[in-house]
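Following: one structure in structure tokens, then a few remarks.
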Amino acid sequence: MKLICATLLVIGIFFSTLVENTREGWSGDLQKGVTAAQKGNFETGLREWTPLAEQGYAKAQYNLGVMYGLGNGVIQDNVYAHMWGNIGASNGNEDGGKVRDTVAKKMTPAQIAEAQTLARECVAKNYKGC
């Protein structure tokens, strides 16, 4: 299972570097996080991607889902991995749905319900403080 999540992280990082970033100011921060994560510096990735995720940027939301799923730079937490993957998917990142679905296989129905509630609350707060 860890191999699947690691593969999703690598695919996501690679995909993020290939796809154009059309919103002002996002490209540099996203790339800085990608470069840091590729070198194993997940704390910098978290620092760069969190503000982007809070702005509604689906790739950053997906990246946070992967980080929580693997416990890279954060305490491993399937509920938050599911939440961020789900939010990323709802904002158009297909890989976010893959993260959500992968971690859901390891979660109880109560944990999935909690993740869905957190995702709804996060969206209602415009992604701030999630």
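The values are calculated or read from the model by the stated rules, or taken from the named source; none is laboratory data. As the structure is a prediction and not an experimental result, all values here were calculated from the model. So basically every Cβ, Gly included, is an ideal-geometry build from the backbone, and we count neighbours across all protein chains shown.
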Original post:
C130 passes all but one of (1) under 15 Å from the mean Cα position of the chain (by Cα); (2) at pLDDT 95 or above; which number fails?
Top reply: (2)
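Table: residues versus (1) in contact with a Lys or Arg (Cβ under 9 Å, 6 or more places away or on another chain); (2) of a type in the set (K, R).
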| position | (1), (2) |
| --- | --- |
| A89 | yes, no |
| K106 | no, yes |
| P109 | no, no |
| L118 | no, no |
| C122 | yes, no |
**OP:** List every residue pair whose Cβ atoms sit under 6 Å apart, with the two residues 6 or more apart in sequence or on different chains, where the first one lies in segment 54-79 and is within 14 Å of C130 (Cα to Cα) and touching a residue at least 60 places away in the same chain (Cβ under 8 Å) and the second, anywhere, is surrounded by fewer than 24 Cβ atoms within 10 Å (Cβ to Cβ) and of a type outside the set (G, A, S).
**Re:** E54/Y127; E54/K128; G56/Y127
**OP:** Exactly one condition in (1) under 17 Å from V34 (Cα atoms); (2) modelled with pLDDT under 95 is not met by G88; state its number.
**Re:** (2)
